[in-house]
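Asks: My questions all concern the structure below.
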Amino acid sequence: MSISARNVSKRFGDYAALDCVSVEVPGGSLTALLGPSGSGKSTLLRIVAGLEQPDGGEVLLDGVDATAVAPQQRGVGFVFQHYAAFKHMTVRRNVAFPLQIRKRPRAEIRERVDALLELVQLQGLAHRYPAQLSGGQRQRMALARALAAEPRVLLLDEPFGALDARVRAELRSWLRRLHDETHTTTVFVTHDQDEAMEIADTVVVMNRGRIEQVATPRILYEQPSNEFVMSFVGEASRFGDGWVRPHDVEVALAPDERTREALIERLAHVGPEVRAELVRDDGERVALQLSRDEAERLELAPGQIVYVRPTRTTVFRDGV
Amino acid sequence: MPRRLALRTAAVGYLLVVLLGPLAMLLWRLEEEGIGRAWSAVTEPDTVHAFAVTLEIAAIAVPLNAVFGVVCALLIVRRRFRGQGVLNAFVDLPLALSPVVVGLSLFLLYGRTGWFGPWLTAHGVQMLFALPAMVLATVFVSLPFVAREVVPTLRELGDEQEQAARTLGASGWQTFVRITLPSIRWAVIYGVVVTTARCLGEYGAVAVVSGSISGRTETATLRVQSYYENLDQAGAYGVSLVLAAIAVVVLVLMTLLKPRQAAA
């Protein structure tokens, strides 16, 4: 099912959470709403689900105006950051809830719940209560529950934000696989650009209640439409009139006519790469990323003076 | 260390003097006056009737206030509307107002010269000196307890589970019955127990509006008063002791319920 939001605005008191936002999500896609906290991404998702009413604008589901439709009639599955598990029900009853509400026959409910629990690998824990589950297990239960009613759209509000890094990575790739199998239109909110870039087909970058850019992860990184996107999606440092990515900076031990002098302030060994923070002679900071081999060859150390040259810079004409 | 001990002694001593002392006295005096007389007072038809009236009033007032309390708590916690602060404050009014004042205002409202009195009399409805006014008075004084128990529980619960239920296809009523109510059930039960205790013990407001007619509009607490006024102390002690026994049962119930509520 396709989703389109047209000129959606929402204020909370004096604060404009969404400022005339329009976005199209094609049916069957996996879309990320990416932005810093307070950018309005969760509000937009909640408006699509019907959990929040917009002050202005409309939401269309499959081309039909759904702005005034109650959440229970929208056919959406919603997954909350803090799971929203029904604490007084077992895992099985949690997952069965939407089916019981729809008064499906018992045998069908049992069969479907079994299949869903297998899908999220919670078969053995069906009779536990949410309090007896780990965070990752609770969120898998919430996913199974959201999928039980066969929603036309799956909406996830920072679904993995409260989980530790390893579980998050697992669930991330699980969600991508699920989408590849079912092709349910999926929209998830995240402030983690890695998460957005890794699993989404399309990323909607939001900032201060507005949409900054809608693009594939690759285009977003390579052709950011403005300075906000450049610096929010992936790391970037200012260099002269333009911006440079940490891996687009060359380091030399001797100066030439195109290099700038810089002091290595900090070095960090992160897995296969070495990251450095440099301060240029004019006081500007530059982030730098090298392979281990290169860092060793140059014998870089904190406090050392080096000479840097960008290999590729991006210049925005209407710089902020 | 001695300071902590002194504090503890003071707290326990206070409880003994203020709460347990009078109760012990009741038992002791009963022994002195003769248990036989007390027992015959308790089993007298008018006393039995008085207990029946008390139970009847509680049976009407408690369910009414349970429903009202839950609805009120939902309005206070889950909705945003004009006059919410006023509602929140007014729920507590019966705690601040003396029951006698409540009784008197009901008397003025439904009396022969009151706002509703003449109209009701014309339509053949007997409010004062009858069960309706006694129920009304009891409902008034026992109104806050369910709401006061449920409000903090609802706040702590948050509304995410309710939102989830809505997105999963549940209507507002289904969400309430299947999600909200089970989540607040211990708070509701606890509130109902406290409300029941308050209803059984109510004296002041009911005293003003009932007329205390033996065998008709006399509740158990009014019965104690009438025995006492007639210098039948053994009778007064006997009925009091039954009320005190009920209080102990309620106390035990509350102690049993409190940990479950904390866990829920």
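Since every read-out is calculated from the coordinates, none of them should be taken as a lab result. Note that this is a predicted model, so its numbers are computed, not measured. Counting neighbours? That spans all protein chains shown, and the Cβs are built from the backbone with ideal geometry, glycine included.
Asks: Which three extents, in whole angstrom, do the alpha-carbon atoms of the stretch B:34-263 cover along their principal axes, largest first?
Replies: 65, 45, 28
Asks: Rounded to the nearest 20 Debye, what is the dipole magnitude of the stretch B:36-133 about its Cα centre when Lys and Arg each give +1 and Asp and Glu each give -1 at the C-beta?
Replies: Result for the stretch B:36-133 is approximately 560 debye, rounded to the nearest 20.
Asks: Report, in degrees rounded to the nearest 10, the 0 to 90 angle that the Cα long axis of helix B:2-15 makes with the longest principal axis of chain B.
Replies: Long axis of B:2-15 versus the principal axis of chain B: about 60 degrees.
Asks: Continuing with this model, one more query. Cut-off under 17 Å on the C-alpha distance; same-chain residues fewer than 8 positions from residue A:10 excluded. Which lysines are left, in chain and number order?
Replies: Reachable lysines: A:41.
Asks: Further, regarding this structure: Enter the mean number of other protein chain beta carbons within 10 Å of the beta carbon of each residue in A:65-73, as an integer.
Replies: Mean shielding by partner chains, rounded to a whole number: 3.
Asks: Ok, one more. Grab the beta carbon distance between residue A:164 and residue B:24, set R0 = 60 Å, and tell me the FRET efficiency rounded to 0.05. Walk me through the numbers before you get to the answer.
Replies: On the way: r = 59 Å, r/R0 = 0.98.
Once rounded, the FRET efficiency stands at 0.55.
Asks: Take each of the peptides A:232-243, B:165-176, A:159-170, average the number of other beta-carbon atoms within 10 Å over its residues, and list them starting from the highest.
Replies: Values: A:232-243: 18.0, B:165-176: 20.1, A:159-170: 16.1.
Going by the mean number of other Cβ atoms within 10 Å, highest first, we get B:165-176, A:232-243, A:159-170.
Asks: Helix check for chain A. Which DSSP H runs span at least 18 Å along their own axis by Cα, with a mean Kyte-Doolittle hydropathy no less than -0.5?
Replies: A:106-119, A:135-148
Asks: Whole Å is fine, so just give me how far the alpha carbon centre of the stretch A:85-116 lies from that of the stretch B:200-233.
Replies: Answer, in whole Å: 55.
Asks: Peptide A:82-88: average number of partner chain Cβ atoms within 10 Å per residue?
Replies: Mean shielding by partner chains, rounded to a whole number: 6.
Asks: Would you tally the net charge around residue B:214, using a Cβ to Cβ cut-off of less than 13 Å, leaving residue B:214 out, and scoring K and R as +1, D and E as -1? List each step's numbers first, then the result.
Replies: On the way: positive: B:216, B:223; negative: B:44, B:46, B:218, B:229, B:232.
Summing Lys/Arg as +1 and Asp/Glu as -1 gives -3.
Asks: I've got another one for you. Using Cα pairs closer than 8 Å and at least 6 residues apart in sequence, work out the relative contact order for the stretch B:157-264, in percent.
Replies: Taking the mean separation of contacting Cα pairs over the length of the stretch B:157-264, I get 28 percent.
Asks: Using a cut-off of under 12 Å, list every residue of the stretch A:182-208 whose amide N is near the label point 7 Å from the Cα of residue A:222 along the Cα-to-beta-carbon line.
Replies: Backbone N within reach: none found.
Asks: Summing Lys, Arg as +1 and Asp, Glu as -1, what charge do residues with Cβ under 10 Å from the Cβ of residue A:302 carry, residue A:302 excluded? All intermediate terms of the calculation are to be shown ahead of the outcome.
Replies: Numbers: positive: A:266; negative: A:265, A:277.
Here the charged neighbours net out to -1.
Asks: In nm², what is the average projected area of the convex hull enclosing the Cα atoms of chain A?
Replies: It is 19.9 nm².
Asks: Oh, and also: For a paramagnetic label modelled at 7 Å from the Cα of residue A:284 toward its Cβ, which residues of the stretch A:221-247 fall within the zone defined by backbone nitrogen distances under 14 Å?
Replies: So the set is A:236-246.
Asks: Now a separate question. Only four residue types carry charge here, +1 at the Cβ of Lys and Arg and -1 at the Cβ of Asp and Glu. Report the dipole size of the protein assembly as shown about the Cα centre in Debye, rounded to the nearest 20. Provide the component values of the computation, followed by the final result.
Replies: Numbers: 61 positive and 61 negative charges, 362 e Å.
It works out to roughly 1740 debye.
Asks: Roughly how big is the stretch A:98-219's charge dipole about its Cα centre, with Cβ charges of +1 (Lys, Arg) and -1 (Asp, Glu), in debye to the nearest 20?
Replies: 540 debye
Asks: For chain A, give the share of DSSP beta bridges that are antiparallel, in percent and rounded to the nearest 5; count only bridges with both residues there.
Replies: Of all bridge pairs located within chain A, approximately 70 percent are antiparallel.
Asks: What lysines does residue B:258 reach when the alpha-carbon gap must be under 28 Å and sequence neighbours fewer than 8 apart in one chain are set aside?
Replies: Qualifying lysines at Cα under 28 Å: A:87.
Asks: Another question, then. Between residue A:87 and residue A:58, what is the label-to-label distance in nm when each label sits 7 Å out along the Cα-to-Cβ direction?
Replies: Calculated label separation equals 4.2 nm.
Asks: Averaging over all projection directions, find the projected area of the Cα convex hull of the protein assembly as shown and quote it in nm² with one decimal place.
Replies: 42.1 nm²
Asks: While we're here: Just to verify a number: FRET efficiency for residue B:98 and residue B:17, C-beta to C-beta distance, R0 = 22 Å, to 0.05?
Replies: The computed FRET efficiency comes out at 0.35.
Asks: Nearest 0.05, what FRET efficiency do residue B:80 and residue A:315 give at R0 = 56 Å with Cβ-Cβ as r? Intermediate results must be reported in sequence, preceding the final value.
Replies: On the way: r = 48 Å, r/R0 = 0.86.
Result of the calculation: an efficiency of 0.70.
Asks: What translational diffusion coefficient, in µm²/s and rounded to a whole number, does the Stokes-Einstein relation yield for the stretch A:88-130 at 20 °C and a viscosity of 1.002 mPa s, taking the hydrodynamic radius as the Kirkwood radius over Cα pairs?
Replies: Numbers: Rh = 10.3 Å.
D = 208 µm²/s.
Asks: Another question, then. Take every DSSP beta bridge whose two residues both sit in the protein assembly as shown, then give the antiparallel share in percent to the nearest 5.
Replies: In the protein assembly as shown, approximately 70 percent of DSSP beta bridges are antiparallel ones.
Asks: Here is a follow-up. How far apart, in nanometres, would the label points at residue A:194 and residue A:269 be if each is projected 7 angstrom from Cα along the Cα-to-Cβ direction?
Replies: The modelled label-to-label distance comes out at 1.9 nm.
Asks: Pop out the Kirkwood hydrodynamic radius of the stretch A:241-310 from its pairwise C-alpha distances, inverse of mean 1/r, in Å to one decimal.
Replies: Values: mean 1/r = 0.0832 Å⁻¹.
Taking the inverse mean of 1/r over all distinct Cα pairs, the stretch A:241-310 comes out at 12.0 Å.
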